[in-house]
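I have placed the structure first, in the form of structure tokens, so that the comments after it can refer back to it.
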Amino acid sequence: MSGIIRFEHLDVVASDSRVKLVDDFNLEVHESEVVALIGESGAGKSTIGLSALGYVRAGCRFARGRIILGEDELITLSRNQVRNLRGSRVAYVAQSAATAFNPSIRIINQLVEASLTHGVMDKKDATARALQLAADMALPEPERLVTRYPHELSGGQLQRLMTVMALMCKPSLLVLDEPTTAIDVTTQLGVLSSLKRIIGKERVACLYISHDLAVVAQMADRIIVLRNGKMVEAGATAQIIRAPEALYSRELIAAASPQKLPRVQPDSDDEPPVLELHNVDASYGHGAGLALRGVSMTLGAGRCAAIIGESGSGKSTLARVITGLMPSLRGEIRFKGEPLKGRVESRPKRELQSIQLVLQHPDLALNPRVTIGDAIARPLELFRRMKGRSRDDEVTALLELVGLPAEIARRYPSQLSGGQKQRINLARALAARPDLIICDEVTSALDTIVGSQVMELLSALRQRTGVSCIFITHDISKAAAIADQIYVMNQGEVVERGAPDQLLQSPRHPYTRELLRAVPELRTNWLEDRVVEANA
Amino acid sequence: MTMANTSISVNARNTIPKIPIIILGIWLLIAIFAPWIAPWPQSEMVGTPFGPLATGDTLLGTDYFGRDLLSRVLYGSRTTLSLALSANVIASVIGITVGFLAAYCRGWIDEIISRIMDGLFSFPTMMFALICVSAFGSSNIILILTVGFIESIRVFRVARAVAMDNLARDYVDLARLRGESTAWILFREVLPNAYPPLLTDFGVRFSGTVMLLSAISFLGLGVQPPLADWGMMTRENLAGLRTGSLAPLIPALAIFSVTFATNQLVDWFLKRTQHDISSELIG
């Protein structure tokens with residue numbers, strides 16, 4: 001049986017720096033086979049995915065090798081020939097469907113566009129096929145849904161419709177580039193199961209690009225592990241998941257299932273709680289509805305509480321309310337027994353010093369025009385009145401604490417990697433010697449392995465400094481790894497709280513159960529089990 | 001591929017462009033030493049009106065009044081550069097301060113400032129300038145202040161938009177959490193990141209300022225004759241074009257050279273900072 005697509009010794013280079021983005025890549029994908037490309041950022045997985053459409057990003061070029069789609073060699077084809085292939089014989093599903101649809105054209109017209117352009121079918125047939133595929137993707141009331149505009153639909157619905165759009169011309173190959181990364185876990189479960197069903201039904205070969213091993217384990221027949229443009233390991237899904245051979249694959253698998261980090265025992269339990277919230281409400285403005293609804297929590301000194309929830313659950317709003325960036329509407333926030341003022345501008349310096357915030361995007365949290373050294377020195381000057389030599393020595397000590405060399409102080413943020421920047425953000429927060437540090441999704445913008453290193457660092461820092469911690473995340477396994485208490489948030493409310501073990505083993509609230517059920521497990525057949533469960 | 005490597009190589013390739021620096025340097029020297037290098041005083045009649053090039057003592061010919069054009073261009077650099085530059089700087093200082101303040105305060109303060117600026121913006125520029133100059137009298141100081149104020153309305157819009165964008169960044173939130181003052185947030189956190197668009201605006205505005213100044217001078221309310229000013233010289237010698245004199249073109253070329261050099265310099269600066277920003281995004 002001949003392959004659908006074959007890559008032979010493919011090299012893709014960045015034109016200006018001669019860096020190899022893809023280095024000697026070989027792969028053959030057979031009919032109705034799903035091959036996953038996994039790896040961290042910079043692994044070259046998206047570059048390979050796009051090259052299957054005969055496309056390279058601006059500033060890059062094919063340097064060597066061949067890509068053979070059916071009978072055609074993609075790299076040697078003219079622009080018009082490649083254009084005829086795209087959408088008809090090979091189609092692409094992008095990560096963020098919300099931005100991939102044209103906001104001012106009705107869905108149905110976007111769905112049928114490719115098949116009309118390629119002259120594959122007339123408008124009537126195309127509409128019929130679109131509706132059939134939409135029904136196959138388990139979209140409710142397809143006839144009504146497709147007449148709407150993109151902004152009237154949810155992210156999960158758009159992601160499904162994007163798959164419909166890609167399948168319209170019955171392509172032989174589908175490139176799925178992180179198709180569920182931008183959507184919440186509970187939505188992801190449904191999208192994955194309908195995606196899997198339709199791939200089987202349409203008998204289309206797939207290149208499935210993802211960084212999420214647990215998701216890939218459900219979808220793929222084979223897994224290719226990539227790193228810095230090179231193939232590290234290739235094998236059947238079960239083999240890669242259970243018995244990875246290459247060291248890097250083993251690291252990836254280990255980082256994908258976080259182990260419990262050592263607990264920090266506070267000196268004594270007699271100390272008053274660091275933070276107490278009583279029935280806190282918050283809103284983003286008149287008539288905007290409540291972003292927080294009657295939130296109460298208690299955080300003991302030296303303890304770590306995790307807040308989990310999906311996008312829009314109010315978990316980041318909670319961080320903004322505690323820090324005073326956004327005043328609460330009602331309710332009381334007490335810090336070490338004393339009531340906290342609502343607005344950050346009206347809080348005394350002592351309170352500003354005691355509560356520090358670390359944010360999700362390491363690049364956005366550091367001013368690009370301020371050196372690392374100055375960024376860390378600022379809280380030392382403000383809160384601890386340090387000057388000159390002693391301040392510089394403390395900067396060096398803090399850098400050492402987060403595992404970075406002293407000379408990094410002279411650099412600008414753009415010269416650092418994402419993981420290094422997040423370490424700097426932790427160092428800056430610790431420079432104030434806070435009692436409470438709030439970490440808002442600090443690992444979600446980082447690669448898996450780097451993220452788990454930052455988790456370990458945070459745990460070690462808590463051990464050394466005894467700082468209390470609020471760890472906000474959407475990732476239940478990370479919450480369970482670090483926290484003493486987990487708070488589950490949904491639509492601005494805390495629906496359940498409990499110790500990690502108790503919450504994971506016997507969740508009481510229906511939403512917690514749904515959330516736990518939807519988190520992909522790193523084993524094969526997890527998705528099938530869930531589908532069977534749902535049908536039972 | 002590491003971040004450090006890419007940004008260093010980008011900076012190395014982006015060396016400061018020589019030609020605009022040389023042009024601006026030469027004009028600066030001329031402006032300082034004009035009385036010593038000019039062959040004639042700027043207001044002395046040395047020949048017949050619109051005398052041709054390179055005849056006798058006048059290298060670039062004479063103007064409509066029979067004055068030495070070369071000397072007037074050299075002297076004119078003093079007036080034009082100092083007036084345009086000061087007006088431009090004043091425009092930037094006022095526009096940026098008010099724009100940043102409006103963006104930072106938001107709410108009703110922003111609303112009031114923005115509506116006033118919108119009102120001023122809708123006023124015809126020339127009429128506005130003439131009213132100011134005729135009300136306060138025509139001296140160089142009034143001229144600078146008037147043009148600076150008019151241009152500041154345009155700076156305000158750019159500055160406010162840029163500040164709005166920058167104030168929404170995470171590091172500004174973190175600065176608020178440290179208890180930093182408003183001045184620190186605006187001038188230490190926001191301003192350094194707002195340079196690229198503001199400097200482009202500054203460069204582009206330079207030629208506009210020269211033109212506005214010359215327009216006012218042409219109507220007799222700006223730079224007072226016999227003082228030389230490039231813009232005024234272009235206009236007062238326009239009649240020479242009919243007889244084939246180059247008199248109006250030479251000061252126009254001088255304006256062009258300065259505008260060109262400023263914009264080249266700004267372009268270079270912009271490209272350099274854009275590289276920094278794009279490499280941040282990749283990281």
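Read the figures in this text as sums done on the coordinates, not as results from a lab. Worth saying up front: this structure is predicted, and the values here are computed from it rather than measured. With ideal geometry, Cβ positions are generated from the backbone for all residues, glycine too; neighbour counts draw on all protein chains shown.
In segment A:370-418, Rg over Rh equals 0.96, where Rg is the alpha-carbon radius of gyration and Rh the Kirkwood radius from pairwise Cα distances. All distinct Cα pairs of segment A:265-340 go into the 1/r average, and the inverse of that average, the Kirkwood radius, is 13.2 Å. When restricted to Cα atoms, segment A:31-72 yields an Rg and a Dmax of 11.7, 33 Å, respectively. Rounded to the nearest 0.05, the FRET efficiency derived from the C-beta distance between A:Ala135 and A:Arg203 at R0 = 25 Å is 0.90.
In the calculated pair-distance distribution of segment B:47-116, the portion above 15 angstrom amounts to 68 percent of the Cα-Cα pairs. Remark: relative contact order (segment A:265-371) = 27 percent; criterion is Cα-Cα distance under 8 angstrom and separation of 6 or more residues. Quick one: dipole size for chain B, taken about the Cα centre, charges +1 on Lys/Arg Cβ and -1 on Asp/Glu Cβ, in debye to the nearest 20. Using Cβ point charges on Lys, Arg, Asp and Glu, chain B gives about 160 debye.
In terms of its alpha-carbon gyration tensor, segment B:134-254 comes out prolate; a/c meets the 1.5 threshold, and the first ratio a/b outweighs b/c.
Between amide H atoms placed 1.01 Å from N, distances below 5 Å from A:Val93 occur with A:Val175, A:Leu176, A:Asp177, all of them 5 or more places distant or on a separate chain. The Cα trace of segment A:90-148 gives Rg and Dmax of 11.6, 29 Å, the first to one decimal, the second as a whole number. Taken over segment B:110-184, the percentage of Cα pairs per 10 Å bin, counting from 0 up to the bin with the maximum distance, is 16, 34, 26, 16, 8, 0. Rounded to the nearest 0.05, the FRET efficiency derived from the C-beta distance between A:Arg464 and A:Glu71 at R0 = 56 Å is 0.30. When chain A is described by a simple charge dipole with +1 on each Lys and Arg Cβ and -1 on each Asp and Glu Cβ, the residue from A:Val82, A:Ser15, A:Val495 located farthest towards its positive end is A:Ser15. Distances between placed amide hydrogens fall under 5 Å for A:Asn490 paired with A:Val495, all partners being 5 or more residues away or on another chain.
Computed over segment A:349-470, the P(r) curve from all C-alpha pair distances, binned at 5 Å from the origin, holds 2, 12, 23, 25, 23, 11, 3, 0 percent per bin. Orientation-averaged projection of chain B equals 18.6 nm² [convex hull of Cα atoms, one quarter of hull surface area]. Rounded to the nearest 10 degrees, the inclination of helix A:526-535 to the longest alpha-carbon principal axis of chain A is 90 degrees. Computed as a quarter of the hull surface, the mean projected area of the alpha carbon convex hull for segment A:282-435 stands at 10.5 nm². Over chain B, what is the relative contact order in percent, taking alpha-carbon pairs closer than 8 angstrom and at least six residues apart? Computed over chain B, the figure is 25 percent. Of all DSSP beta bridges in the protein assembly as shown, what percent run antiparallel (nearest 5)? Of the beta bridges lying entirely in the protein assembly as shown, close to 55 percent run antiparallel. When you restrict to C-alpha pairs under 8 Å that are six or more residues apart and normalise by the size of chain A, the relative contact order lands at 15 percent. Annotation: lysines with alpha-carbon distance below 20 angstrom to B:Lys271 (same-chain offsets under eight excluded): B:Lys18. About the centre of its Cα atoms, segment A:8-99 shows a dipole size close to 500 debye [charges on the beta carbon of Lys, Arg (+1) and Asp, Glu (-1) only; nearest 20 debye]. Our note on the geometry: Cα centres of segment A:150-209 and segment B:17-33, 61 Å apart. So what J values fall out for segment A:363-375 if you push phi through Karplus, 6.51 cos²θ - 1.76 cosθ + 1.60 with θ = phi - 60°, rounded to Hz, Gly and Pro as x? For segment A:363-375, the Karplus curve yields 6, 6, 7, 10, 5, x, 9, 10, 5, 4, x, 5, 5 Hz.
Using the structure shown, list the pairs from A:Lys124/A:Lys196; A:Lys196/A:Lys478; A:Lys170/A:Lys478; A:Lys45/A:Lys478 with a Cα-Cα distance above 31 Å, or answer none. Check vs 31 Å cut-off fails for A:Lys170/A:Lys478. All distinct Cα pairs of segment A:191-299 go into the 1/r average, and the inverse of that average, the Kirkwood radius, is 18.9 Å.
Under 5 Å between amide hydrogens, built in the peptide plane, is the criterion, and for A:Ala291 it picks out A:Ala282, A:Ser283, A:Tyr284 among residues at least 5 positions away or on other chains. Reducing segment A:267-340 and segment A:3-31 to their Cα centroids gives an inter-centroid distance of 50 Å. The C-alpha radius of gyration of segment A:14-134, expressed as a fraction of 2.2 N^0.38 Å, stands at 1.22. Each of A:Ile308, A:Val321, B:Ala38 was placed along the dipole of the protein assembly as shown (beta-carbon charges, centred on the mean Cα), and the one lying farthest toward the positive end is B:Ala38. The eigenvalues of the Cα gyration tensor, multiplied by 5 and square-rooted, give segment B:157-219 an equivalent ellipsoid with semi-axes of 34, 11, 8 Å from largest to smallest. Shape summary of the protein assembly as shown, radius of gyration then Dmax from alpha carbon positions: 33.0, 107 Å. Simple point charges give the picture: +1 on the Cβ of Lys and Arg, -1 on the Cβ of Asp and Glu, and for the protein assembly as shown a dipole about the Cα centre of about 780 debye.
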